[in-house]
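The values are calculated or read from the model by the stated rules, or taken from the named source; none is laboratory data. Treat the numbers as computed from the prediction; the structure is a model and nothing was measured. Heads up, the Cβs are rebuilt from the backbone with ideal geometry, glycines too, and the neighbour counts pull from every protein chain shown.
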Amino acid sequence: MELIDIVIDFLPLFMFMSLAVLLFTGYPVAFILGGLALLYGFIGYTLGIFSIIEFFNFLPRIWGQAAENLVLVAVPTFVFMGVMMERSGVANDMLYVCQVLLKKVPGGLAIAVAVMGTILAAMTGIIGASVTMMTALALPTMLKQGYKHELATGVICASGTLGILIPPSIMLIIMADLLSISVGDLFLAALIPGLVLATIYVLYIGIASGINKEMAPPLPPDALYVPPNEMPGLLLRSFFPPVFLIALIKGSILLGWATPSEAGAVGAFGATVIAYFNGRLKRDMVTAVCQSSGLTISFIFFIIMSATCFAYVFRSLGGDDVIEELILHAGLDSWGLLFLIMGIVFLLGFFLDWVEITLIILPVFAPIVSTLDFGAHVGNENREMIYWFTVLIAINLQTSFLTPPFGYALFYLKGIAPRSVALVSIYRGIIPFVILQLIALGLVIWLPAVALWLPGLN
């Protein structure tokens, strides 16, 4: 009897440990989450702590959190916008213009990639498209000009991940929905930290290239040459329209003129119009865009549905209480708990994508976070602490794309990089940028105003 009581008490931990083990199998995460929800639901039913009727609660929870959720309507539109800009060549044109404008700056090609990553952050989470596009266009040029493999690959991987932090971002939309906070305010909170991180990238590239000339040799005068009389037309055709569209989208959300869903629709339509005027809106291309967008959207929502079921069973079995009890017995104060959570998120980034980490971690830790008290360091309002904490998680999740063994950005790049670029060079190249991301994380922890200043103006 005592053994059964112990099993019942620690069943949520067994559930979480099963998830951790199965994630290493390489099986699709959505199936793992959904399968464990059913398995442990039946185990709970056998033990008398989970009723059959609760299985029927899966559908209304999925319907309420995904199908009827107006916040998540923004996800498909932003995904379509990003894929359209990538497939139509608009993003390629922007990157080329950035390379031309910055070619005389030390490490100019690498800085152009960093700037482009910042601009294309409006592609909202299409990390694979961003990394592969910049790899295909910029990496051969950088290698041809003698750039070190480590710098060339590192900046492409790091810059390609900025889209999950700088608004409008799919990750931020999902986070806001999970925590029941304002998407617009979360966008405001993440904007400055995202731009700070991009600035840190640019400063590092410029300083490192200036100190070590062999890392990024200067370009010859005839490289990327555009006649002065053609430059205005190139800017008007390839640079200003998408930048204006991105600024319009971000500005409308941040200023409260439009909801993320409305802005996403405008972005999708605007990207299509730009592709049309560039003469690239072909039937085959539109079909490919729709297919690619559909696959990406399906992947995201399948994980959301499975994670919803997993979280429901986990909580019904008393998971929240078990974790809260374990943390309380650890004897950590608010700062200790914060660094513990940050450490867990960072370590999970070695094995999981941001989608899985967000949907698994936030529902578990959200009740605990609401009880933390950092005094005057953050502010007296619980609202400020929640936004600050969410931005910290978002910055931390940047590392999930870069840290081996399952750094997805690394595999995106390796998949289309020349054979001369070894995987070990890619791993070495991302180390400085992971350190820079952790520095940015520390900066926002030290100065919460970096994240809270803009939301405070509302």
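Laid out as a table, the results:
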item	result
Residue check, V289 in contact with a helix residue (DSSP H, G or I) (Cβ under 6 Å, 6 or more places away or on another chain), farther than 19 Å from I393 by Cβ and among the β-branched types (V, I, T)	yes
Positions within the stretch 415-451 being buried (at least 21 other Cβ atoms within 10 Å of the Cβ) and either closer than 18 Å to T135 by Cβ or in contact with a Lys or Arg (Cβ under 6 Å, 6 or more places away or on another chain) (or both), in sequence order	A417, I426, G429, I430, F433
Among (1) part of a loop (DSSP other than H, G, I, E, B); (2) of a type in the set (A, V, I, L, M); (3) under 30 Å from F411 (Cα atoms); (4) modelled with pLDDT of 85 or more - the single one I181 does not satisfy	(3)
Matching residues in the stretch 281-325 - criterion: being of a type in the set (D, E) and closer than 24 Å to L19 by Cα	D320, D321, E324, E325
Residue that is farther than 19 Å from I426 by Cβ and either crowded, with 24+ Cβ neighbours inside 10 Å or out of contact with any Cys (no Cβ under 8 Å at 6 or more places or on another chain) (or both), where the choices are T161, T199	T199
S334 being at negative phi and modelled with pLDDT of 80 or more	yes
Cross-chain or 6+ apart pairs with Cβ under 8 Å, the stretch 284-303 first and more than 13 Å from R87 (Cβ to Cβ) and in contact (Cβ under 8 Å) with a residue 60 or more places away in the chain, then in a helix (DSSP H, G or I) and not aliphatic (A, V, I, L, M)	I297/P76; I303/E356
Test result for L441, at pLDDT 80 or above and over 13 Å from M342 (Cβ atoms)	no
Check on R428, among the basic types (K, R) and not in a helix (DSSP H, G or I)	no
Test: residue in the stretch 249-268 that is among the small types (G, A, S), within 18 Å of I173 (Cβ to Cβ) and exposed (fewer than 15 other Cβ atoms within 10 Å of the Cβ)	yes
Number of the condition not met by N396 [criteria: (1) at pLDDT below 80; (2) crowded, with 17+ Cβ neighbours inside 10 Å; (3) among the polar types (S, T, N, Q)]	(1)
